[in-house]
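Input: a single structure, listed below in structure tokens.
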Amino acid sequence: MAKKAKSRASKTQKDVLDLLRKHGSRIYDDLDHGRFPNFEIPSRSVGNIVYDTKLRQYVLGKSAALRSSKNTSQLRSFTQLMWLAFFANRLTQEKKSSTLRDVYYSSQAFAIDFDDQSESDNIIVDLEAVLAKPREAMHIFPEERSSVFGDLDIEYTVPGYEGKRMNLSNHPDGYAIGPSLTSAELVGTSAELVIAVEKGGLFTRFVEEQVDKKFKSIIVDTGGQAPRSTRTLLKRLHDELSLPVIILTDGDVYGEHIAMVIKSGSANAAHLRELTVPDAKWVGVWASDIERYDLPTIPMTDSDIKRCHDLQKDPRYSHGIWKKELEVFLKIKRKAELEAFSKYGLTNITDRYLPQKIELARSL
Amino acid sequence: MAAERFNQISPSEFFYRNRDLAGFSNPTRSLYTAVREFVENSLDACDQRGILPSVRLVIRAEDPEARDPRTYVLTVHDNGPGVAVEHVPLAFGTVLYGSKFGLKQARGMFGLGATMAILYGQITTNKPVHVSSSTDGKTKDTFEILLDIQKNKPVILKHATSKARQRGLSVSITLEGDYSKAGSKIRDYVYQTSLITPYATISFEDPKGETFRYDRILKSMPPPPTVINPHPHGVDVETIRRMILESRRDLVSTGNGAADRLVRALGLKNGDAGYDVVARRVAQRWKRLSPAARLPAALATALKCSPRDLPEMTIHDIDVADDTITYHDGIAGAAKTAQLDRRQPYYSYLEEVAAGEPLQSFLTARFQRVGPRTAERFAKFAAFKPERRIGTLDNRELVRLSDSLQAYGEFLSPDPSCLAPLGQEPLRRGMAKFFEPDFLSVVMRSASAYSGFPFVVEMGIAYGGGIQTRGIKAYRFANRIPLLYDEGSDVVLKVINDMDWNRYKVKGEAPLVIATHICSTRIPYKTVGKENVADRPEIERELRLGLQFLARKLSSYMSRRGKAEAAKKRANLYAKYIPLVSQFCTELAGRKAEPKYAAMLKLEGRDG
Ligand SMILES: Nc1ncnc2c1ncn2[C@@H]1O[C@H](COP(=O)(O)OP(=O)(O)OP(=O)(O)O)[C@@H](O)[C@H]1O
Ligand SMILES: [Mg+2]
């Protein structure tokens, strides 16, 4: 098992390096023949984002924009993109990680002027779209961190730690899902389930209550909307270790959407295909749970209601539980947080609610 | 005619009534106006004699410690022809005495500029004017003159003759002024005058001891103008009426030895003979009198005056219908009317004279570009007999004549020989030297006319280079005079502002200079101070066409420049970024040597 996993990480790296070299050679040839090189960048405009029912996620359509080095209004951003490819190549080869902000500052050493970080962030997304690889594969990570805890053995691949192993249940605060964890090999686990919770508070409670042991699970804190590195980890836990993933969120429309993004991605990342866990299951808190468990509630705000209506237009919410729960939210116009279970005692959620929901997930 | 009207009031009264109009409203403006009047007189005098002008203007504070407004001594020296001794007191001591009334372009035109300045100086400081004139370069006559304000007569305080070093004139007046306020305007004036007079050397020593000197750029003068008649187009009824009166006045002139001829023809001993004697002899000898003697004979009898007094009489009008003759009696100093006696032999003669010239000869003699054949064809066009006497035209016929003169399309275009435009080349060289622009274009329109006065518009446009102004700066000139005040109401600015500059690719605050020069025998100034030109449609049209022509030139320059700039910008961008692209892709492709892209950059830079 360990061996198989290891080859996977180096394969990702090799894929990226091959792609970069391919583009580099193409551009080199163009210049060498006196031609102005281009990049073809899949369009990320709303009109080109379509829902792929087979893949069960948003993907980009066929339209693409040409960024030409001949066009003087595109020359600058062409060069920025070119630089980023060059920089990503170095990062990947040297197995160094960097943040979005690092990228912005690094550019200055090469006389590549980004007006601000949002400009360099955009170029990063362009490169993702060109290569159809997430930035994490190019060793570029966002600042946001979320955590993981449970009986999971990993083996680092980052320079200086290569081959070093670690079990993720050794520290009760959990482990930050950063570059070194994301790129580590997943060696083995005794867990049979991954539980993703929306909130740090619940994550701590779950660790304290030994949910990992009681339910043979790996607990992941998504810290609200799950960052891409977290989604990558969830996907890898599911794909590489064949673990089912269940998701627990607050009982409101935003919670429902957090679950949906883990399951089938966001429109923002329609150009990427390695971030979704289509088999992940949202188990609560549902609108219908509010009455069933008699949870204390707060009224929905106008923006909650508007958000419900917006999501109703999204094809992914046109069937099943997703559709039904939106309708219930709109009917009762009230919402409840995960902490609401504390009304019945601090461990009520782990003692009563969670087992029922895990049971339910198995049957789905 | 105007002179006679003004003579009725005293010069000081005249001055006070007209000081605003003439530009002497306050110490600031007065100092500036005085400078202009003297400098322009010097340039006029040189122009008219074809002398390359050297003019030196000096302004000194009488008491350097005093504060503005204070007393200044203003002196202008020139190397012109000077003024003959006998004319000096009149030229500088009476209002409306001038030599420039003819139909010929000159800066001065009213015959009062110098005197107004002198009068202003005298009123504010009670000091005389000093004039020193040499017409031959050997001797000079120096005068100290005060104006007798009651009598409109010069009072000569001193007159001395001495050796001269060079020909020319210098005038010096003492006046109240405010240089701290007028200074920048005066310096502008000197600067701009040098621009439009590139064949002159002009220097200015200011009260602070600073000298501004502009050496001539050209060593040759534009051809001097000649005196000519008005063009028939655009002459209005009033002008024709005046011309008819003038033509008749020539016929009934009392000057040129008329009195002597009369004395001789009547066999009198001297001119003192009384009216009775004259009347009797005229009646006896009328039939035998020569045509030259008949006129003074008829006039003396009609006006009932002795031959001696005849030169003092100026005939205004002979009205045959009313049997009256109106005239100015120089002895009595008043306008008078006399009744004509139908029984006298002179009557039919005067009637004949009053009838005036035949239309055909009136047209050929009094208008430019009209020969006998043209006059005949025109008469037919206007439905007049060519031999019709012009003095017999009634008001309706006068209007018809005037309308026809305007409407008749066969007249040759006005003769611009009376005009003195600078010419395209001198204007171009002046502007090139002054502004050192990136782009320069000049144009001279062909001559045109308004109200019977010919005019020519020449103009230049300059862009970029040494021009630092943001937006359009207009330099307005008329008859080689810069116009600095009152720009708001001027026709040139109106035309410039009416232009849709965007259409000519002039955007935003473009560094642009426009110089316009209107040349005419009579510039339609709005005021006597000669600061802004009234908008006559004919002049406005020429200005507009000229400006459009220049703007089109500028526009094609701008698009050439725009293209070149864009190409340069592109080349710069390629030169900046492509080497970076090359560097990055070389490493990405895992190559050692960079791709050969140099030729590509060169190609782009050239093609634009
Ligand atoms: N520097 C000079 N050299 C020779 N003649 C002069 C000079 N200055 C003045 N004159 C003579 O004196 C006359 C009177 O000058 P003045 O300035 O009063 O009137 P103007 O120049 O004819 O008209 P304007 O009132 O428009 O200035 C002139 O017409 C000219 O004949
Ligand atoms: Mg004058």
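Here the accessible area is traced with a 1.4 Å probe on the protein chains. For the protein assembly as shown, carbon and sulfur cover 50 percent of it. Interface between chains A and B: roughly 2500 Å² of accessible area buried, both sides summed (probe 1.4 Å, protein heavy atoms only). Other protein chain C-beta atoms within 10 Å of residue C-beta, averaged over B:596-603: 3. Applying both filters, DSSP loop and at most 12 other Cβ atoms within 10 Å, to the GluC sites (Glu not before Pro) of segment B:452-512 gives B:E509. Legend: mean number of C-beta atoms from other chains within 10 angstrom of residue C-beta atoms, peptide B:571-581, equals 5. Between the residues A:W286, B:S451, B:A566, the greatest Cα displacement towards the positive end of the dipole of the protein assembly as shown, with unit charges on the Cβ of Lys, Arg, Asp and Glu, is found for B:S451. Entry comment: accessible area of chain A is 44 Å² per residue, from protein heavy atoms only and a probe of 1.4 Å. Cross-link pairs exceeding 25 Å between alpha carbons, from the set B:K433/B:K473; B:K433/B:K602; A:K14/A:K164: B:K433/B:K602. When only the Cβ of Lys, Arg, Asp and Glu is charged (+1, +1, -1, -1), the dipole of chain B relative to its Cα centre reaches about 1880 debye.
To the nearest ten degrees, helix B:424-435 and the longest principal axis of the Cα atoms of chain B are 50 degrees apart. Computed from the Cβ-Cβ distance with R0 of 35 Å, the FRET efficiency linking A:E327 to A:R273 stands at 0.70. Taking the Cα centre of the protein assembly as shown as origin and assigning +1 to Lys and Arg Cβ atoms and -1 to Asp and Glu Cβ atoms, the resulting dipole is close to 2880 debye. Going down the table (A:K331/A:K357; A:K62/A:K96; B:K185/B:K208; A:K216/A:K281), which pairs top 25 Å between alpha carbons? Where the Cα-Cα span goes over 25 Å, the pairs concerned are A:K62/A:K96.
Taking all protein chains as shown and a probe of 1.4 angstrom, A:W282 keeps an accessible surface of around 10 Å².
Can you tell me the relative contact order of chain B? Whole percent, Cα pairs under 8 Å, sequence separation 6 or more.
Dividing the mean separation by the residue count of chain B yields 12 percent.
Listed by chain and number, the aspartates and glutamates whose alpha-carbon sits under 17 Å from that of B:K380, ignoring those within fewer than 8 places in the same chain, are B:E397, B:D403, B:E410. Here segment B:416-558 is assigned +1 on the Cβ of each Lys and Arg and -1 on the Cβ of each Asp and Glu. Its dipole about the Cα centre then comes out at about 220 debye. The long axis of helix B:113-125 is offset from the longest Cα principal axis of chain B by roughly 90 degrees. Per-residue extension of 0.36 nm, minus the Cα-Cα distance of B:E210 and B:Q406, leaves a gain of 65.2 nm for this segment.
If the cut-off is a Cα-Cα distance under 18 Å, which lysines reach B:K526, setting aside same-chain residues fewer than 8 apart in sequence? Qualifying lysines at Cα under 18 Å: B:K494. If you sort B:T211, A:T12 by accessible surface, 1.4 Å probe, largest first, the order is B:T211, A:T12. When all protein chains stay in place and ligands, DNA and RNA are ignored, the 1.4 Å accessible-area order of A:D289, A:D18, largest first, is A:D18, A:D289.
Using R0 = 51 Å, the C-beta based FRET efficiency linking A:K11 and B:M499 works out to 0.10. Listed by chain and number, the lysines placed with their C-alpha closer than 24 angstrom to that of B:K163 are B:K138, B:K140; residues fewer than eight positions away on the same chain are left out. B:R280 sits with roughly 130 Å² accessible to a 1.4 Å probe, with DNA, RNA and ligands left out of the calculation. Solvent-accessible area per residue in segment B:564-607 equals 60 Å², computed with a 1.4 angstrom probe and all protein chains kept. For segment B:313-394, the relative contact order comes to 22 percent (Cα pairs under 8 Å, sequence separation of at least 6). A probe of 1.4 angstrom, applied to the heavy atoms of all protein chains, finds A:D126 with accessible area near 10 square angstrom.
When a/c reaches 1.5 or more, the comparison of a/b and b/c decides; with that in mind, is segment B:564-607 rounded, prolate or oblate per its Cα gyration tensor?
Details: a/c = 5.20, a/b = 2.41, b/c = 2.15.
Here segment B:564-607 falls in the prolate category.
Computed from Cα positions, the angle between helix B:237-251 and the longest principal axis of chain B comes to roughly 50 degrees.
In segment A:15-29, burial by the other protein chains removes 20 Å² or more of accessible area from A:R21, A:G24, A:Y28, compared with the chain on its own (1.4 Å probe, ligands and nucleic acids ignored). Across chain A, C-alpha contacts under 8 Å between residues 6 or more apart give a mean separation that, scaled by the residue count, equals a relative contact order of 14 percent. In this label model, B:T226 and A:K95 are separated by 10.4 nm, measuring between points 7 Å along each Cα→Cβ vector.
Between segment B:111-182 and segment B:354-396, the C-alpha centres lie 47 angstrom from each other. Taking 0.36 nm per residue of sequence separation and removing the Cα-Cα distance, the A:S45/A:L66 pair yields an extension gain of 6.2 nm.
Among the listed pairs A:K70/B:K563; A:K54/A:K263; A:K133/B:K596; B:K505/B:K563, those with a Cα-Cα distance over 24 Å are A:K133/B:K596.
Counted as membrane-span-like here are DSSP H helices of chain A whose alpha-carbon atoms extend 20 Å or more along the helix's own axis and whose Kyte-Doolittle mean is -0.5 or above; these are A:72-94, A:117-131. When the protein assembly as shown is described by a simple charge dipole with +1 on each Lys and Arg Cβ and -1 on each Asp and Glu Cβ, the residue from A:T157, B:F367, A:L100 located farthest towards its positive end is B:F367.
So what's the back-of-envelope 222 nm ellipticity for the protein assembly as shown, counting only DSSP H runs of four-plus at -39500 (n - 2.57) apiece and dividing by all residues, rounded to 500? Calculated at 222 nm, the ellipticity per residue is -13500 deg cm²/dmol.
The values are calculated or read from the model by the stated rules, or taken from the named source; none is laboratory data. From a predicted model like this one, the values you see are computed outputs, not experimental measurements. No Cβ is skipped: glycine too gets one built from the backbone with ideal geometry, and neighbour counts run over all protein chains shown. Please note that ligands, DNA and RNA were not included when accessible areas were found on the heavy atoms of the full protein model with its side chains. Shrake-Rupley method; radii C 1.70, N 1.55, O 1.52, S 1.80 Å.
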